[in-house]
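*Asks:* First the structure, which I've put down as structure tokens, then a few questions once you've had a look.
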Amino acid sequence: ADILAPEEQTLEVSVRISGIGISLIDHFRSKTPNELVYATLLGITLELESHKQLHKASVNVQKLQIDNQMNFAPEPVLLTSVRAPRIGAKRSSDVAPFLAATVEIDSSESSLVYIREMALELQVLDVSADLTFILAMAGYGEALAKYIGFGVAQFVCRIAQNLPTQIGTIIGER
């Protein structure tokens, strides 16, 4: 009798990670691995909340930066989020996160899922890529496609064939 009925149960989960770093390493085209890019995500917060039939999830990422790790890169920072002040900020140190996403779902109806709230906010990105990097990434993509069993033409054709269906699905869901 001490166990709560399902309609009275509440679940709250909050995860905060100071940062994550991810490297993309090319080991397909030479015997020695070569790091191409290093991505850094800072200030990650994930929150999940579920009460009765109301479910809410949100994720925030304070900063994103992707660095060109190739030797003698003329543009060492490929992509970085621009630190913009939060709307209504009173202090200059109160900046908006690079990414803020929220979704709230009401599943009280058994045959219907009602999205009460859906929000996605992205800040401005500064992008700088040189031709050497672009060609290296194209070569990596080609080597990766061969590694997973496709020729590049087959890989591109498969993406192109599925693109109208994916776009139609996205438009049809609106």
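*Asks:* Just give me the residues in region 62-91 being farther than 26 Å from Asp130 by Cβ and either at pLDDT 90 or above or open to solvent by 50 Å² or more (accessible area, probe 1.4 Å) (or both), in sequence order.
*Replies:* Gln62, Pro85, Arg86, Ile87, Gly88, Lys90, Arg91
*Asks:* Of all residues in region 25-75 being in contact (Cβ under 8 Å) with a residue 40 or more places away in the chain and among the β-branched types (Val, Ile, Thr), which is nearest to Val127 (Cα to Cα)?
*Replies:* The residue in question is Val37.
*Asks:* While we're looking at this one, here's another question. Which one of Ala100, Ala96 is within 15 Å of Leu120 (Cβ to Cβ) and at pLDDT 90 or above?
*Replies:* Ala100 is the lone residue from the list that is within 15 Å of Leu120 (Cβ to Cβ) and at pLDDT 90 or above.
*Asks:* Please list, ordered by first then second residue, the pairs with beta carbon atoms under 6 Å, 6 or more apart or interchain, first in region 92-121 and in contact (Cβ under 8 Å) with a residue 60 or more places away in the chain, second among the polar types (S, T, N, Q) and not in a strand (DSSP E or B).
*Replies:* Partner pairs satisfying both residue conditions: none exist.
*Asks:* Residues in region 42-54: is at least one surrounded by 13 or more Cβ atoms within 10 Å (Cβ to Cβ), more than 15 Å from the chain's Cα centre (by Cα) and not in a strand (DSSP E or B)?
*Replies:* yes
*Asks:* Could you please give the count of residues in region 116-139 that are farther than 30 Å from Arg83 by Cβ and surrounded by 13 or more Cβ atoms within 10 Å (Cβ to Cβ)?
*Replies:* Adding up the residues that qualify gives 1.
The values are calculated or read from the model by the stated rules, or taken from the named source; none is laboratory data. Everything numeric in this text was worked out from a predicted model, so none of it was measured. Using ideal geometry, Cβ is built from the backbone for each residue, glycine included, and neighbour counts are taken over all protein chains shown. For accessibility, only protein heavy atoms count, side chains too; no ligands or nucleic acids. Shrake-Rupley method; radii C 1.70, N 1.55, O 1.52, S 1.80 Å.
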